[in-house]
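Inspection log for the structure reproduced underneath, given as structure tokens.
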């Protein structure tokens with residue numbers, strides 16, 4: 001039996017839930033008996049049945065003796081807030097013979113216990129098939145569930161020599177339309193999209209999902225002083241908008257934005273850089289997002305915001321769209337990061353590809369922070385754990 | 001018969017001549033009879049037999065009725081300086097039935113006439129199989145033979161945000177060793193490699209071919225004042241070194257470099273930028289190279305040289321190695337190019353790939369300048385011309 005083949009089908013199914021399943025992960029499941037798919041499903045949205053439950057229900061009695069492919073370790077817990085029963089119960093009840101899992105669930109309430117429950121019930125379990133792909137798909141969930149800190153994906157678009165605008169101030173459009181469409185697809189996968197006030201004033205982006213199918217993320221605007229026009233596109237009513245501002249912002253400036261429907265929240269400023277413009281502390285910003293139920297955010301700039309998030313070690317993934325243009329001057333994509341030597345600026349483990357002539361580099365700043373349950377899960381290695389009592393709902 | 005298959009073999013053979021055939025192009029030829037290769041060859045170096053002659057000689061009587069694959073249109077001319085007889089004579093005499101040509105030869109002494117001679121002799125000719133690959137392989141030759149101006153390949157290595165050195169001055173090594181090995185392979189394909197005096201003073205590169213097999217190019221150092229140390233690595237005796245300097249450089253500064261074996265040549269400075277440091281005019285530099293028999297040059301920096309060559313429209317191909325690092329400051333890879341709008345900085349038709357985590361973008365500034373004889377040669381289209389009298393040796 002080709003485990004990779006069926007796990008790829010399960011991953012394809014899981015992908016349908018991306019952007020909709022949050023705060024839960026996107027999960028897919030495929031049940032195979034005698035080389036035939038007898039059940040399949042994915043997790044559509046929080047509160048909806050889990051993928052494994054959908055697949056076993058569809059299979060009915062055909063699940064007996066079948067092989068179940070899951071992109072994530074099946075859940076095994078009940079908590080007061082959890083709206084769905086443990087998948088391990090359904091799997092055991094269905095009489096599945098073998099469960100193939102792409103990655104263990106880093107959720108501390110599962111974390112190997114789901115696998116242990118299955119094994120205790122006499123079901124064979126294989127862990128690690130398409131581990132990298134499954135982890136990549138749910139890296140925001142993996143990061144948030146472990147740390148409580150929203151996953152931050154910093155995206156920039158620049159000329160090859162590192163500028164986001166020409167010396168004449170032009171910034172639209174540096175990259176080709178196919179690259180911009182990818183950005184819209186990215187937006188649809190994140191709970192929130194975030195820009196600084198300077199970007200709102202300069203580019204007036206709507207920050208909605210338009211070039212692809214998908215739901216709009218919550219829009220976050222950072223402004224230490226609420227100096228953004230109330231008629232900016234981010235204040236249309238296509239999506240919710242949260243303005244994060246400094247604690248000393250005058251009430252009338254706040255009221256002006258609340259009047260157009262924005263939620264305005266005060267957060268602390270950074271203490272560093274006494275004579276530089278006051279900036280909101282990126283880690284305070286992330287706390288405010290988490291408090292508002294947002295587990296992942298796509299940071300779209302501008303350079304000031306990108307630089308402050310990087311300098312604060314508040315970025316998980318970076319994606320840079322590099323247009324094959326040379327500006328020779330203009331507005332720089334990144335400012336001072338406090339790095340003066342090569343050791344300060346180590347090479348990231350970047351993946352490169354191209355989109356319509358545009359180079360795209362993407363990397364995780366700290367791959368360990370979003371890996372599956374154990375960094376040392378080797379393909380098909382056994383994963384052990386204990387199914388203990390759990391106190392709090394997560395998945 | 002699969003023309004592409006055999007043309008690929010001919011291109012592989014041709015590649016053996018790269019770096020050695022100059023000022024001639026690298027050419028390969030394969031003779032096929034009844035699905036068997038009966039003769040094959042490539043042009044080893046200027047003065048050595050042409051690829052077609054090698055292949056037909058090897059085939060002997062087996063060439064009769066065979067198909068000849070040539071990566072370049074066979075030559076048809078005799079000139080006082082030319083050391084080899086016309087290949088068209090050998091092909092006709094050998095009784096070849098069909099000649100498949102990747103691209104016509106832009107050499108004005110051939111330029112379709114070779115094809116016309118073959119057709120006049122009753123041989124069928126197909127032109128355009130693997131046209132793009134054959135053109136790419138010999139783009140320096142194609143550029144030089146048409147214009148008399150050396151082909152300029154500008155190569156830079158930078159951080160993702162566009163710096164060639166950190167703010168602390170570190171520039172070695174930004175890119176991984178696999179990328180540096182590619183640069184050595186590039187050097188071996190060019191007649192000359194060129195840097196500015198600042199790069200000699202800062203990095204003290206030897207500019208020789210070390211990490212791969214290949215011959216050393218002539219080393220060119222640009223210095224408006226001959227302010228380079230006579231004990232720099234470029235003045236070792238591993239290869240010839242030419243110093244191009246300003247017309248007002250003091251004789252003792254020139255003598256110091258001549259004493260260590262360098263050839264020192266005075267060239268005009270640019271008139272632009274009255275209060276900027278005097279720079280040598282890139283077009284004058286190229287004239288000096290051509291006068292010295294150098295048909296192609298790999299410009300390796302630093303930023304001042306790269307910028308002046310780009311600003312003077314004196315670059316044919318650019319290759320940028322982009323290390324996945326963010327410096328946030330330092331020495332910029334490119335300076336002011338006089339571009340203030342997006343229209344001034346159009347998107348190049350770049351190819352992207354990655355080498356050991358490093359992104360590599362490469363593009364031609366003006367693809368038409370190095371295309372095969374006719375831009376409108378379609379695959380397998382007919383190419384007509386007349387074999388006229390020629391006055392001057394080129395190939």
### Message
Going 7 Å from the Cα of residue B:64 along its beta-carbon direction, which residues of segment B:96-139 have the amide nitrogen within less than 20 Å of the resulting point?
### Response
B:96-99, B:121-124
### Query
Separation between the residue B:121 and residue A:97 pseudo-spin-labels, each 7 Å from Cα along Cα→Cβ, expressed in nm?
7.2
### Task
Can you grab the distance from the C-alpha centre of segment A:184-244 to the C-alpha centre of segment A:85-144, Å, no decimals?
36
### Task
Within 10 Å of each residue's Cβ, count the other Cβ atoms and sort B:241, A:362 from fewest upward.
A:362, B:241
### Calculated on alpha-carbon atoms, Rg and Dmax of segment B:204-270 in Å
12.4, 40
## Note on the structure
With the label point 7 Å along the Cα-to-beta-carbon line of residue A:79 and a cut-off under 13 Å to each amide N, the hits in segment A:30-68 are none
## Note on the structure
Cα-based Rg and Dmax for segment A:75-192, in Å, come out at 21.1, 69
### Task
For residue A:260, go 7 angstrom from Cα along the Cα-to-Cβ vector, then report the distances to that same point in the other copies in nm, smallest first.
6.4
### Average Cα contact separation per residue, segment B:3-140, under 8 Å, 6 or more apart, as relative contact order %
21
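Over all alpha-carbon pairs in the protein assembly as shown, figure out the percentage whose distance exceeds 53 Å.
On the way: 91640 of 311655 pairs.
The proportion of pairs with Cα distances above 53 Å equals 29 percent.
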### Task
Starting from the Cα of residue B:184, step 7 Å along the direction of its Cβ; do the same at residue A:132; then give the gap between the two resulting points in nm.
2.8
### Message
Just want to confirm a number: the relative contact order over chain A, from Cα pairs under 8 angstrom separated by 6+ residues, in percent.
### Response
20
### Task
Run the numbers on segment B:182-264 and let me know its relative contact order in percent, using alpha-carbon pairs under 8 Å that are six or more apart.
28
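Tell me, rounded to the nearest percent, the portion of alpha carbon pairs in segment B:149-368 spaced more than 25 Å apart.
On the way: 8907 of 24090 pairs.
Here the long-distance tail beyond 25 Å is 37 percent of all Cα pairs in segment B:149-368.
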#### Entry: For segment A:1-80 versus segment B:23-65, the gap between their alpha-carbon centres in whole angstrom
61
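Considering only segment B:3-140, what is the antiparallel percent among its DSSP beta bridges, to the nearest 5? Provide the component values of the computation, followed by the final result.
Values: 10 of 18 bridges.
Roughly 55 percent of the DSSP beta bridges within segment B:3-140 come out antiparallel.
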### Query
Mind checking the angle between helix A:177-189 and chain A's longest principal axis? C-alpha axes, 0 to 90 degrees, to the nearest 10.
60
## Note on the structure
Cα-based Debye curve of segment A:3-140 sampled at q = 0.14, 0.16, 0.17 Å⁻¹ gives log₁₀ I(q)/I(0) of -0.52, -0.69, -0.79
### Query
Considering only the label points, 7 Å along Cα→Cβ from Cα, what distances in nm to one decimal separate residue A:146 from the same position in each other copy, shortest first?
5.5
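Averaging over all projection directions, find the projected area of the Cα convex hull of segment B:211-335 and quote it in nm² with one decimal place. List each step's numbers first, then the result.
Details: hull surface 38.3 nm².
Hull-based average projected area comes out at 9.6 nm².
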## Note on the structure
What the 10 Å binned alpha carbon P(r) of chain A shows, as percent of pairs per bin from 0, is 5, 22, 29, 22, 15, 7, 1, 0
### Message
Only bridges whose two residues both fall in chain A count here: according to DSSP, what percent of them are antiparallel, nearest 5?
### Response
40
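Give the Kirkwood hydrodynamic radius (Å, one decimal) of segment A:132-227, defined as one over the mean of 1/r across all pairs of different Cα atoms.
Values: mean 1/r = 0.0657 Å⁻¹.
Hydrodynamic radius (Kirkwood, Cα only) of segment A:132-227 equals 15.2 Å.
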### Message
What distance in nm separates the two pseudo spin-label positions at residue A:240 and residue A:147, each 7 Å out from Cα along the beta-carbon direction?
### Response
2.3
### Query
Between chain A and chain B, with a rotation axis joining them, whose C-beta in A is nearest that axis, and what is the whole-Å distance?
A:162, 1
### Summary
In degrees rounded to 10, the 0-90 angle between helix B:3-15 Cα long axis and the longest Cα principal axis of chain B is 50
### Query
What order do you get for A:327, A:5, B:20, B:142 when you list them from fewest to most C-beta neighbours inside 10 Å?
A:5, B:20, B:142, A:327
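Over all distinct Cα pairs, what is the inverse of the mean 1/r for segment A:1-56, reported as the Kirkwood hydrodynamic radius in Å?
Working: mean 1/r = 0.0901 Å⁻¹.
Final number for the Kirkwood radius of segment A:1-56 is 11.1 Å.
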### Message
Full-extension gain between residue B:258 and residue B:34, please, as 0.36 nm times their residue separation minus the C-alpha to C-alpha distance.
### Response
74.6 nm
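By its C-alpha gyration tensor, with a ≥ b ≥ c as the square roots of the eigenvalues, how is segment A:56-135 shaped: rounded for a/c under 1.5, else prolate for a/b larger than b/c, else oblate?
Details: a/c = 1.63, a/b = 1.11, b/c = 1.47.
Oblate.
Looking at the protein assembly as shown, send over the antiparallel percent of its DSSP beta bridges, to the nearest 5.
Values: 50 of 124 bridges.
Beta bridges within the protein assembly as shown, antiparallel portion: roughly 40 percent.
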### Message
Test of understanding: in a Gaussian network model of chain B with alpha carbons linked when under 10 Å, which of B:107, B:24, B:259 would top the mean-square fluctuation ranking?
### Response
B:259
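Just so you know, all these numbers are worked out from the coordinates, no wet-lab data involved. Quick caveat, the model's predicted, so the values are computed rather than measured. Because the Cβ atoms are built from the backbone with ideal geometry, glycine has one as well, and the counts that use them run over all protein chains shown.
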